[in-house]
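*Asks:* Mind looking over this structure? Questions follow.
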Amino acid sequence: MGQMTAEQFAQRAFDLGLITDRQLREAWAAFGTRNVPLEEFVQYLVGREMLTNYQVDKILKGDKSGFFYGDYKVLYLVGAGTFARVFRAVHRETGQVVALKVLRRRYSDNPEQYEAFLREGRVGLTLRHPNIVPIYEVVSEGHTHYLVMEFVEGQNLRDFVKIRGRLSPEEATRLMCDIASGLQYAFEHGLTHRDLKMTNVLVSSEGRAKLVDFGLAAVDENVDDDLLTEFANPRTIDYAGLERATGVRKDDTRSDIYFAGCIYYHMLTGRPPLWETKDRIQRLSKQRFLDVQPIQKVLPEVPSCVALVVNKAMSLDVNRRYQTPAAMLVDLKIAAKRLREEAEKGVAGSGSGKAEPVPTPKHTIMVVESNSRLQDLFREQLKKAGFRVLLTSDPQRALERFRDEPGTAECLILNAQQIGRPALEVFNQFGEETKIQHVPSILLLDSAQQAWKAEANTGPHRLVLQMPITVRQLREAIYQLLPQESGTPTKTPES
């Protein structure tokens, strides 16, 4: 980490307002000295959530700005697009966690660009619906322009589907109902979305779909159609191509409905219906829309009630397409009801043979993971392997739960990659406390943490494994630690 000392690092963090004097005293007391290797000091601060890795990296680079926007302290970068970056941040007084959408510097001095950005934000200020991410503030201070929004714990729909491969008709339809509900609310308030795509749908940790980035109808309202080929906003060029091909105006809600159908198609098949390209001419081409393969050809087993909605939403004849999001929502709810009925028949043994059997969980696993995306991955993959999964981001909370109820789970997995030393400390406590030392435990370390392996309290039912690790390797490690059953794999995992 360069030549900076732990004391120098601490002083910079304090001067920047990222850490308090009380927190520093606590950190020095924990080590009993100030002559601490910088790496260990940083790991302690990150592990105790006094700093984030993003803040640490900026301090080490010598950055002096970008740590705060107004009253909000930036925790880490969530995502970056062409026009803006999105950060997770916390209000320094109230502790409220928010998302900050900050316009990139290269656009901040261009009045046309930043006014469009602020106009988009002001549109979002007017929307309050469970399936739309709310905007709380629109801020313009000098050369800095940003939006304060709800922070959604979860991930965007593209990443969600990428992890899963594709979604079941039931889950895809449920999420599609959320999307259509948000679109209908906006439609009732005279707004269209104009940038509806997988990355502009967030899936919360509770499984709810929420739309982001409303307001492009206001942003591009003055764009001349004759200039589309050369100057089209890359965020709306797919809409321009569709509307050229179908002969409708650019604020037509039926364009949103078409791209909602594209999202439904993608969730169900695991692939986009429109071939992907960065070439503007090709994206404006009518042929791109004519080349879409019917969903029944790509996914022959798609339920007819679902295919009906996809095909009607994606009709190139705008008069045959759903005319409003509400009309689409009606058919989605009918499809959801039919899917539920079919699932119930399958569970009741109707003999249809179409419902896939759901494995009955034989074992309960508790996973301690602070990254929401990895939480989803652990949950889905371990469920597929037949485990019941409990999740927490706090290793201390896991320890307390086992102390109260030693039978909480039959195996504990702690991922130290982002949690840091607290994961190692709790892993060791499980090995030391008589009441819970029988619990099979796995500690996951990344390559930079391998020195901790020597500190880990390992044993026959307590393993340390190196990340990255495959699902198969993790599953085999779990089976190695659990009581053996007939047919249970016993292969020792690679570590």
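*Asks:* Which pairs do you get when a residue that is without any contact (Cβ under 8 Å) to a residue 60 or more places away in the chain, found in the range 158-175, comes within reach of a residue that is surrounded by fewer than 23 Cβ atoms within 10 Å (Cβ to Cβ) and outside any helix (DSSP H, G or I), reach meaning Cβ atoms under 7 angstrom, with the pair 6+ apart or on two chains?
*Replies:* Every condition considered, no pair remains.
*Asks:* Which of the residues that make up the range 146-163 are farther than 18 Å from PRO273 by Cα and not in a loop (DSSP other than H, G, I, E, B)? Before you say what the answer is, go through the steps one by one.
*Replies:* Step one: filter the range 146-163 for residues farther than 18 Å from PRO273 by Cα, giving 146-156, 163.
Hits for the range 146-163 are TYR146, LEU147, VAL148, MET149, GLU150, GLY154, GLN155, ASN156, ILE163.
*Asks:* Within the range 383-455, considering only strands (runs of 3 or more DSSP E) that don't extend past its boundaries, which have at least 3 residues that are out of contact with any helix residue (DSSP H, G or I) (no Cβ under 7 Å at 6 or more places or on another chain) and outside the structural domain of SER205 (by TED's automatic domain parsing)? Explain how you work it out, then say what you get.
*Replies:* Working: elements: 387-392, 411-415, 441-445.
Hits in the range 383-455: 387-392.
*Asks:* With the condition being among the basic types (Lys, Arg), I'd like the helices (runs of 4 or more DSSP H) fully within the range 267-349 carrying at least 3 qualifying residues. Full working, then the answer.
*Replies:* Numbers: elements: 280-283, 286-290, 295-298, 304-313, 325-347.
Of the helices (runs of 4 or more DSSP H) lying wholly inside the range 267-349, those with at least 3 residues that are among the basic types (Lys, Arg) span 325-347.
*Asks:* Also: Please give the number of the condition SER285 fails out of (1) touching a Gly at 6+ places or on another chain (Cβ under 8 Å); (2) surrounded by 19 or more Cβ atoms within 10 Å (Cβ to Cβ); (3) farther than 26 Å from TYR185 by Cβ.
*Replies:* SER285 satisfies every listed condition except (2).
*Asks:* Kindly list the number of the only condition in (1) in contact (Cβ under 8 Å) with a residue 60 or more places away in the chain; (2) surrounded by fewer than 22 Cβ atoms within 10 Å (Cβ to Cβ); (3) part of a helix (DSSP H, G or I); (4) not charged (D, E, K, R) that fails for LEU118.
*Replies:* (1) is the only condition that LEU118 fails.
*Asks:* Residue under question is TYR54, and the condition is that it be under 23 Å from SER393 (Cβ atoms) and of a type in the set (Phe, Trp, Tyr); does it hold?
*Replies:* yes
*Asks:* Looking at (1) under 28 Å from PHE41 (Cβ atoms); (2) at pLDDT below 85; (3) in a helix (DSSP H, G or I), can you tell me which one ASP376 breaks?
*Replies:* All conditions are met except number (1).
*Asks:* Those residues that are under 30 Å from VAL102 (Cβ atoms), part of a helix (DSSP H, G or I) and aromatic (Phe, Trp, Tyr), I need them from the range 20-68; list them, please.
*Replies:* PHE41, TYR44, TYR54
*Asks:* If I ask for residues that are at pLDDT below 80 and farther than 27 Å from ARG379 by Cβ, which ones from the range 317-365 would you list? Lay out the reasoning, then the answer.
*Replies:* Residues of the range 317-365 at pLDDT below 80: 343-362.
If the condition is that a residue be at pLDDT below 80 and farther than 27 Å from ARG379 by Cβ, then LYS345, ALA348, GLY349, SER350, GLY351, SER352, GLY353 are the ones that fit.
*Asks:* Can you tell me which residue among THR192, THR173, THR199 is hydroxyl-bearing (Ser, Thr, Tyr) and not in a helix (DSSP H, G or I)?
*Replies:* On the way: THR173 fails: not in a helix (DSSP H, G or I); THR199 fails: not in a helix (DSSP H, G or I).
THR192 is the lone residue from the list that is hydroxyl-bearing (Ser, Thr, Tyr) and not in a helix (DSSP H, G or I).
*Asks:* For the range 116-124, state whether one or more residues are within 30 Å of GLN375 (Cβ to Cβ) and in contact with a Lys or Arg (Cβ under 7 Å, 6 or more places away or on another chain).
*Replies:* Scanning the range 116-124, I find no residue that is within 30 Å of GLN375 (Cβ to Cβ) and in contact with a Lys or Arg (Cβ under 7 Å, 6 or more places away or on another chain), so the answer is no.
*Asks:* Can you find even one residue in the range 11-34 that is touching a Leu at 6+ places or on another chain (Cβ under 9 Å), surrounded by 15 or more Cβ atoms within 10 Å (Cβ to Cβ) and closer than 30 Å to PHE117 by Cβ?
*Replies:* There is at least one residue in the range 11-34 that is touching a Leu at 6+ places or on another chain (Cβ under 9 Å), surrounded by 15 or more Cβ atoms within 10 Å (Cβ to Cβ) and closer than 30 Å to PHE117 by Cβ.
*Asks:* Next question, about the same structure. Within the range 23-45, does at least one residue satisfy the condition of being in contact with a helix residue (DSSP H, G or I) (Cβ under 7 Å, 6 or more places away or on another chain) and within 30 Å of GLU137 (Cβ to Cβ)?
*Replies:* yes
*Asks:* Sticking with this structure for a sec: Does GLU188 qualify as being without any contact (Cβ under 8 Å) to a residue 24 or more places away in the chain and in the same structural domain as THR269 (by TED's automatic domain parsing)?
*Replies:* In short, yes.
*Asks:* I want to confirm something. Restricting to the range 69-106 and keeping residues that are in a strand (DSSP E or B) and among the β-branched types (Val, Ile, Thr), which single residue is surrounded by the most Cβ atoms within 10 Å (Cβ to Cβ)? Explain how you work it out, then say what you get.
*Replies:* Residues of the range 69-106 that are in a strand (DSSP E or B), as a first pass: 69, 72-80, 84-91, 97-103.
Narrowing the set further to residues that are among the β-branched types (Val, Ile, Thr) leaves 74, 78, 86, 90, 97-98, 102.
Working: VAL74: 21, VAL78: 18, VAL86: 19, VAL90: 16, VAL97: 14, VAL98: 19, VAL102: 23.
Step by step, filter the range 69-106, then rank; the result is VAL102.
The values are calculated or read from the model by the stated rules, or taken from the named source; none is laboratory data. Everything quoted here is computed from the prediction, not taken from an experiment. Note that we place each Cβ from the backbone using ideal geometry, even for glycine, and neighbour counts take in every protein chain shown.
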